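Heads up: the structure comes next, in structure tokens.
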Amino acid sequence: MTSSIRHSIAALLTVALCACGGNDNIEHYTTRANEMLAQNPGKAVTLTIPAGEYKLSKAICFENISHLTIEGAPGAATILSGEADITHWTNDPERQGVLMADLADMADLGEVAQRTNRIDLYCDGQRQQLARWPNQGFTTAGRALGATDVGDTWIHVHGTREGVFEYTDERIAQWSNEPDAYLHGYWYWDWAEERQHLEKVDATSKTITLAKPYHHYGYRDGLRYYGLNLLCELDEAGEYYIDREAKKIYWKPSDTYQKGRSRTTLSVFGEPAAITLSHCHHVTLRNLTIKGVRNKGIVVIGGANVTIENCRLSSMGDNAITLDHGLGHRVAGCRLTELGCGGIVACGGNRTTLEPSGFVVSDNVIDNFSLYKRTYEPAIHFQGVGIDIVHNRFQHSSSSAMRLEGNDINVEYNQCFDVVCESDDQGGIDTYFDYSYRRLNISHNHWRNIVGGMFAGAAGVRFDDIISGHTVAGNIFENCGGGHFGAVQINGGKDITIEGNVFYGCQAAGSCNVWNDTTWDEKYNRPDHLKKLEAVNCFSDIYLSKYPELREEPASARSRNYLTRNLVVNFKKLIMNGEKGFISTDNTLIQQSDKPLQHYLQPEVLKQYGIPAIPFDQIGPRPHHTVTPL
């Protein structure tokens with residue numbers, strides 16, 4: 001059959017519905033789509049929604065449908081909004097430079113500091129800040145004063161189980177009059193933060209008491225935190241406070257705010273997700289903007305071949321997109337930004353049979369994520385088997401850009417910039433504590449400005465606790481590695497190959513925590529780890545045939561990793577610590593150079609050093625695949 005005949009048949013099987021303008025109720029269009037599917041069984045239906053802003057009054061849900069495309073009008077903005085405008089600002093008579101508005105008409109003012117149903121204020125699409133102190137960064141506690149000692153830990157810092165500790169700044173005494181104050185802190189470990197309700201401030205003893213439940217790791221001397229939801233601290237442009245009892249909002253706008261021209265909105269749509277697709281097949285969402293929802297944006301449950309392309313999701317309270325199992329789903333060319341939690345959360349494939357999910361995440365820009373939950377809410381969180389993460393840009397986050405847990409994962413041609421800016425003991429990619437995870441291929445990516453870490457450090461790529469059997473090849477690491485970490489950091493794992501990369505301006509190419517026999521045995525044989533291995537039948541014929549290295553005794557050749565044929569320029573050390581964790585061969589070291597990175601990426605220069613060409617111009621989102629910013 002010729003190509004032209006195939007195209008003609010496809011056209012005959014498609015019913016296009018171009019919805020008429022003038023109706024701002026999105027339910028009208030989704031109802032029409034269901035009608036068209038019912039009227040045209042077996043045919044593909046395309047619903048084109050005209051440009052405009054449509055208010056979300058209830059969730060859009062499709063279940064057990066197939067061959068439907070819902071698209072916004074090409075070349076214009078079709079916006080599904082969960083926001084309500086605030087237009088009636090007046091000057092606050094008690095506070096200079098502060099505006100106030102009545103929210104009496106708003107039935108649900110949401111939560112202050114919970115993950116779900118949290119209300120946020122935006123000005124011209126920019127998230128505003130709940131009134132806090134310090135306005136930037138953190139203040140430091142004195143001693144932890146709880147009754148129960150945490151016990152000794154590897155950082156050897158005193159801590160207690162109860163949330164009682166000294167404060168060190170006199171201004172905190174005024175927080176005792178705040179009715180609904182919270183503290184956001186890294187309470188013991190600098191990779192585990194949480195918002196907790198403030199119960200009491202004692203100005204006499206200069207102590208803070210937090211409300212139960214206490215943080216499960218406890219509280220240490222000198223912890224870092226800031227106060228939140230404090231009307232008395234409404235002193236910085238962009239800060240706001242909602243008096244839930246009086247139903248009023250107070251806001252200190254920036255100098256760029258223009259009355260009558262700037263748009264201020266509150267997220268009011270509080271259902272679990274804006275769009276849910278349950279057990280759908282061959283469904284496409286295209287050219288849509290979703291913004292201003294308190295919880296999730298798009299949730300896909302099961303099904304097959306669901307595509308989300310050229311969409312923009314912004315001002316989300318929770319994760320932007322969730323792929324909850326299914327096969328062959330694709331997220332492509334989307335812009336995900338201003339996210340309270342993560343970007344794309346995906347779970348798919350079968351880790352016992354190693355059947356892949358077939359998921360593809362390509363050509364997306366995901367930035368300014370993890371704004372509310374500051375750790376473990378990456379741009380991509382994948383659990384399962386078989387995903388391609390290619391040609392994306394991940395940028396601006398307090399913690400990791402990717403958390404990858406599973407097998408046969410391909411990470412290629414991505415840009416990962418300016419992450420791990422606040423937390424500790426993390427990497428641009430982070431994967432943790434499961435010996436059965438295999439074949440994470442990390443190749444031809446550009447990692448830049450990943451140098452955070454409060455105590456342990458930050459890395460471009462981190463393999464944490466016993467992670468083994470992966471490849472890092474043909475990448476560019478630019479200004480990566482902080483604290484005790486090199487650009488690639490390995491904690492106890494083995495059989496990781498780091499080959500053909502360019503490390504430029506990094507304090508070290510690699511670092512490794514080399515475990516002795518006792519540490520390896522303790523970690524590997526922990527009941528929770530053995531349970532993970534048993535759950536997927538890690539030493540079955542399926543695993544052994546695909547990953548023959550598993551036939552070797554796990555404890556043999558501990559920390560045997562390969563650092564081979566890399567170019568390392570402007571560095572302090574090749575290996576920051578754990579030299580015994582690497583077999584290092586044929587690396588080219590240029591400790592000081594005034595030549596720019598671009599010089600060393602030229603194919604002829606790389607060839608001179610025995611390194612295959614790195615396709616730098618192909619790294620990142622491809623322009624013709626990426627949504628046009630609105």
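Structure values in brief
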item: Stretchable slack from GLN592 to ARG95, in nm (0.36 nm times residue separation minus alpha-carbon distance); result: 173.4 nm
item: Tail fraction, Cα-Cα pairs, segment 123-162, threshold 16 Å, whole percent; result: 61
item: With every protein chain in place, the chain: carbon and sulfur % of accessible area (1.4 Å); result: 50
item: Cα-based convex hull volume of segment 235-289 per residue, rounded to whole Å³; result: 148
item: For segment 377-462, alpha-carbon Rg and Dmax in angstrom; result: 12.0, 34
item: 3J(HN,Hα) from dihedral phi, segment 107-113, Karplus parametrisation 6.51/-1.76/1.60, rounded to Hz, x for glycine, proline; result: 5, 10, 8, x, 9, 8, 9
item: Distance histogram for segment 132-263 (every C-alpha pair counted, 5 angstrom bins, percent rounded to whole numbers); result: 2, 10, 19, 21, 17, 12, 8, 5, 3, 2, 1, 0
item: Cβ-placed point charges (K, R +1; D, E -1), dipole of segment 499-630 about Cα centre in debye, nearest 20; result: 260
item: Local net charge near ASN135, Cβ-Cβ under 10 Å (Lys/Arg +1, Asp/Glu -1); result: -3
item: Positive-end extreme of charge dipole, segment 39-129 - chosen from GLY97, THR78, GLY125 (charges on Cβ); result: THR78
item: Residue (of ILE409, PRO179, PHE455) at the positive-pole extreme of the chain, dipole from beta-carbon charges; result: ILE409
item: Volume per residue of the C-alpha convex hull in segment 563-630, rounded to whole Å³; result: 161
item: Cα gyration tensor shape of the chain, rounded if a/c is under 1.5, else prolate or oblate by comparing a/b with b/c; result: oblate
item: Scattering curve values for segment 305-448, log₁₀ I(q)/I(0), Debye with Cα scatterers, q = 0.09, 0.12, 0.16 Å⁻¹; result: -0.23, -0.41, -0.76
item: Residues of type aspartates and glutamates that LYS531 reaches as a straight line, Cα spacing below 12 Å, ignoring anything fewer than 8 places off in the same chain; result: ASP434
item: Under-5 Å amide H pairs with LEU130, H placed in peptide plane, nonlocal only; result: TYR240
item: Residues with amide H under 5 Å from that of CYS61, placed H, sequence gap 5 or more; result: THR276
item: Trypsin sites (Lys or Arg not before Pro), loop per DSSP, at most 11 other Cβ atoms within 10 Å - longest free stretch of the chain; result: 262-571
item: Positive minus negative residues near GLY469 (Lys, Arg vs Asp, Glu; Cβ under 9 Å); result: +1
item: Scattering curve values for segment 245-352, log₁₀ I(q)/I(0), Debye with Cα scatterers, q = 0.18, 0.21 Å⁻¹; result: -0.88, -1.10
item: Accessible solvent surface per residue of segment 463-517, calculated while the other protein chains remain in place, 1.4 angstrom probe, Å²; result: 18
item: Amide H contacts of ALA304 (H built 1.01 Å from N, under 5 Å, at least 5 apart or other chain); result: CYS280, HIS281, HIS282, LEU327
item: Stretchable slack from GLN136 to LYS523, in nm (0.36 nm times residue separation minus alpha-carbon distance); result: 135.5 nm
item: Cut-off of 10 Å, at most 14 other beta carbons, DSSP loop: longest stretch of the chain lacking such GluC sites (Glu not before Pro); result: 246-551
item: Rule-of-thumb Rg ratio for segment 84-205 [Cα; 2.2 N^0.38 Å; N residues]; result: 1.34
item: Equivalent ellipsoid semi-axes, segment 64-118, via Cα gyration tensor eigenvalues times 5, rooted, Å; result: 37, 18, 10
item: Cα-centre dipole for the chain with unit charges at Cβ (Lys and Arg positive, Asp and Glu negative), debye to 20; result: 1160
item: Cross-link pairs beyond the 23 Å C-alpha cut-off, checked among LYS546/LYS580; LYS55/LYS373; LYS573/LYS595; LYS523/LYS572; LYS494/LYS573; LYS523/LYS580; result: LYS546/LYS580; LYS55/LYS373; LYS523/LYS572
item: Beta bridges by DSSP in the chain, antiparallel share as percent, to the nearest 5; result: 25
item: Globularity index of segment 515-610, i.e. its alpha-carbon radius of gyration over 2.2 N^0.38 Å; result: 1.56
item: Directionally averaged shadow of segment 376-423, computed from the convex hull of its alpha-carbon atoms, nm²; result: 3.1
item: Span from the segment 217-289 Cα centroid across to the segment 328-365 one, whole angstrom; result: 25
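The values are calculated or read from the model by the stated rules, or taken from the named source; none is laboratory data. Keep in mind that this is a model prediction, so the values were computed, not measured. Ideal geometry is used to build each Cβ from the backbone, glycine not excepted, and the neighbour counts take in all protein chains shown. With ligands, DNA and RNA removed, areas are computed over all heavy atoms of the protein, side chains included. Shrake-Rupley method; radii C 1.70, N 1.55, O 1.52, S 1.80 Å.
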